[in-house]
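Beneath this line is the structure, given in structure tokens, with notes to follow.
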Amino acid sequence: MIPTPDLSHLSDDDKLNVYDPAEDTFLLLDGLEKDAEQLKDQQPLICLEIGSGSGCVSAFLGSILGPANALYLCTDINERASICTLATGRQNRIPLNSITCDLSRPLLTRLRHSVDVIIFNPPYVPTDHHEASHSQDAAGIAGSWAGGLDGMEVTNRFLDIVGELLSACGKFYLVALAQNNIPDIRQRMQEKFDLDSEIVIQRRVRREHLHIVRFSRRPSKV
Amino acid sequence: MVRLITHNLLACHVKGCTSNNFPLKFQDVQIELQEADFNPDMITNLLPRLEWGALVDAARLVGDTSLPPEQPEMMDDDLLRKLHHVLLEIHVVEGVMICPNCSHSYPISNGIPNMLLAEHEIG
């Protein structure tokens, strides 16, 4: 069992403004831990987390793969989250590289087909469109959960381009709810981008039926 | 902390700014040096991903002239260590990165680059 990253440095104020790890986060950690041997065998070089929040997940990935064995990039639209991510990296001795931006926009040019592990715990809660759109613009804590129609508005924007970033042997981990229509997501990614997928782990938590979906390329294609 | 490896991966993404949008030019930078564990294999594996010229220019701007102007065919341990230092141990804490094409200015504060754009810049 790999220990959960130390988050004792986060203040109460941090937790008001940045997503405090919850059941979805812990399920993602469990999923990564389940895949730990596979991930280590892959020897990833470049790892990217979209919406890193507290930095918990990237710090955990860093403890699976080793702090000096990969480049850990983290993006978040919320500057406060970027600051927390850096602090969490320092606290757990994993060098995390934070960038405040929308999804992965400034990295697309240079990281085409180059990212070996991509992780996204998106704002997946179904809300009305305006709530999602406003929350992203405000770049505050609501941006970490308000997902718009079917809880997919932000996720879909990333799904449109994840294939551009993913390396030949790369793996993309996505957190999704049953309400996000996971079979549809998987089918779309297969048909449009030739990405295979598997449910690594799932769990019902109160009203949420959470899944960790892992996408990867079929071996013969880039 | 904006390491030079990160800077080597960031491009301008203003709407319509699709050529000569990399590398971003540093300005008014404050740097800190912080040691990092040396993994020669990782540095070697990063080589194909690097834009060497951009890295050398960025290093020079922050006062490091240890790297040759052209990426060498062979990297010995000494050069790998210098590359490790440039990529991972030089941190830009404050400053600005400016697009050579459209002149958009991306600030760096508390070691974090802010690459957010206004709505009209995204399109």
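Just so it is clear, none of the values below were taken in a lab; they were calculated from the coordinates. Here the structure is a predicted model, which means the values were calculated and not measured. All Cβ positions, even for glycine, are placed from backbone atoms using ideal geometry, and neighbour counts span all protein chains on display.
Placing +1 on the Cβ of every Lys and Arg and -1 on the Cβ of every Asp and Glu, with nothing else charged, gives the protein assembly as shown a dipole about its Cα centre of roughly 620 debye.
In chain B, excluding the sites themselves, the longest stretch lacking any of the GluC sites (Glu not before Pro) that are in a DSSP loop with at most 14 other Cβ atoms within 10 Å is B:74-123.
Between B:82, B:25, B:15, find the one with the highest GNM mean-square fluctuation for chain B; connect C-alpha pairs within less than 10 Å. So, out of B:82, B:25, B:15, the one fluctuating most is B:15.
Each residue of segment A:18-29 was assigned a 3J(HN,Hα) from its phi angle through the Karplus expression (A = 6.51, B = -1.76, C = 1.60, θ = phi - 60°), giving 10, 4, 7, x, 9, 4, 5, 4, 5, 5, 5, 4 Hz with x at Gly and Pro. Each of A:56, A:1, A:177 was placed along the dipole of chain A (beta-carbon charges, centred on the mean Cα), and the one lying farthest toward the positive end is A:1. Short to long, the 10 Å bins of the Cα pair-distance histogram for chain B hold 13, 44, 31, 11, 1 percent of all pairs.
Enclosing the Cα atoms of the protein assembly as shown in their convex hull gives a volume equal to 136 cubic angstrom per residue. The string of couplings for segment B:43-52 from the Karplus curve (6.51, -1.76, 1.60, θ = phi - 60°) is 5, 4, 5, 6, 3, x, 8, 7, 9, 4 Hz, one whole number per residue in order, with x for Gly and Pro. Remark: chain B carries a charge dipole of roughly 420 debye about the Cα centre, counting +1 on each Lys and Arg Cβ and -1 on each Asp and Glu Cβ.
In straight Cα distance, which lysines are under 24 Å from residue A:40, not counting same-chain residues fewer than 8 positions off? Hits, sequence-local ones excluded: A:171, A:221. Between the alpha-carbon centres of segment B:3-17 and segment A:67-85 there is a gap of 16 Å. For segment A:10-66, a crude dipole built from +1 on the beta carbon of Lys and Arg and -1 on the beta carbon of Asp and Glu, taken about the Cα centre, is about 220 debye to the nearest 20. Ordered from longest to shortest, the equivalent ellipsoid semi-axes for segment A:143-222 are 22, 14, 10 Å, each the square root of 5 times a Cα gyration tensor eigenvalue. Note on residue B:102 and residue A:1: with the Förster distance fixed at 41 Å, the Cβ-Cβ geometry gives a FRET efficiency of about 0.25. Using θ = phi - 60° in the Karplus curve 6.51 cos²θ - 1.76 cosθ + 1.60, the 3J(HN,Hα) couplings for segment B:15-24 round to 3, x, 8, 10, 10, 6, 9, 8, x, 6 Hz; x is entered for Gly and Pro.
Listed by chain and number, the aspartates and glutamates whose C-alpha is less than 17 Å from the C-alpha of residue B:15, apart from same-chain residues fewer than 8 away, are A:102, B:119, B:121.
Fully extending the segment from residue A:196 to residue A:128 would add 21.5 nm, taking 0.36 nm per residue of separation and subtracting the current Cα-Cα distance.
Between residue A:119 and A:48, A:49, A:50, A:173, the built amide H atoms are under 5 Å apart, and every one of these is 5 or more places off in sequence or on another chain.
Computed over neighbours whose Cβ is under 9 Å from that of residue B:36, the net charge equals -2, Lys and Arg +1, Asp and Glu -1. Under the criterion of Cα pairs below 8 Å and six or more residues apart, the relative contact order for chain A equals 19 percent.
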